[in-house]
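One structure is given here, and the rest of the page talks about it.
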């Protein structure tokens, strides 16, 4: 029975270890909590086993030794009794020897049973010693595992805090002490007492309301006299049976990341402004140069009143170039402004037919075959800004015709997507495709591969489609190009997003100023 209890205790210890139920660490007394030399997520137990286990094992070994000694003494006593019985049998009369022999047989069976008891006791002692050795090995392995887990958590660059279901702190790592400036023993304390700069208790409550979805929020606080931004995550803590036993809260210092993101955003703005300025410079410089030249020529011709035809020709050039400058500036205004859409219920098939009719004469002149394919759901009503979508479709078809000056095939396809509440409209040509060097800039303002183009057509088309909550993509090769427009059936919801985008855009400057103020306090200069 003693051996069975020891075996059950040992197997229970091994099972708990293998299942991963590790006790949480309480920082040792005498260690400063502000900047500890060593702090781990788990309590690292000593090499010595608990006194209860040690006492039980010593008791089992003592009982085994005592039982072994008693068994040996009984066996020796059995041998003496058998020797005495044999002497008595020889002195007994023949009629009593049969009963004496029976007694001698019983003594021999008792001796054999004593041998079995002796073997059992020896085996029990060996088993206890083996279990003791296995227990020690398990303790060493558990200690190493805890030490490794503690080293990993201590080496993490983010703070890790765990709580139970009641919001009581059950563990924290070194980084949590450093970031939050913890003082004293915080284990088993409410989460609200961790720091008074941020409300982690309310954050944990909001995270639990979201269920399994991790909650992420940014908090600003003072750490060692400087302003820092901590990105905080909270998610459920589960045991090996997938039962929620608390929460895991992680805090990561993202101050430098915010600084880099702000710098990258400024760089992107500067790069965009540079590209835009270069485009405007190119588009306006040429007309102005032509204007300047023809003004000089006009001044010379005015000295001779007989050159009326030359003067009229120069005035025509001046009007044309002035109109071109106005078109460039108007295109820039349209691209830079964020206007609201005017939604109407439109029949997509009718819209496509009208635009195809507009380009049919030009297609016939170029020898381009027009193919229009209406897929399932093409006759459905869609809610969009008809004028702007017509502008996009007409621009794509004109570009396709210009890509096939020697003839080809222009294909327009419409299709309703069954997997989503969207419509797809494609415009394909059989031209030479878009050059590799131009593909990444195809939607950039003022970028064009045409000698007489303004470079605003595709940029405006992409903007209009995105205003509708859709996408404009393309695929190109040496055998042709396909532009694909994906639009929601009802763009009114996208208009709400557009209004939100306008509010965000108007608040960007305020956000930048707040970020600059924070970074200034953190001693990051505004570069």
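Derivation of every value follows stated rules applied to the coordinates shown; laboratory data play no part. Quantities reported herein were computed from a predicted structural model and do not represent experimental measurements. Cβ atoms come from the backbone with ideal geometry, glycine included; neighbour counts cover every protein chain shown.
Structure notes:
- In terms of other Cβ atoms within 10 Å, 186, 75 run from fewest to most in the order 75, 186.
- Relative to one another, the C-alpha centroids of segment 361-415 and segment 205-221 are positioned 49 Å apart.
- Packing-based exposure ordering (other Cβ within 10 Å, fewest first) of 418, 321, 310: 418, 310, 321
- Exposure proxy shown here: for 133, 388, 489, the number of other Cβ atoms within 10 Å sets the order, fewest to most, as 133, 489, 388.
- Both numbers refer to the Cα atoms of segment 159-253; Rg and Dmax are 12.8, 44 Å.
- Calculated over segment 344-501: convex hull of Cα atoms, volume per residue (Å³): 116
- Among beta bridges from DSSP that stay inside segment 344-501, the antiparallel ones total about 75%.
- Scoring 187-195, 392-400, 173-181, 109-117 by mean Cβ neighbours within 10 Å over their residues and listing the highest first yields 392-400, 173-181, 187-195, 109-117.
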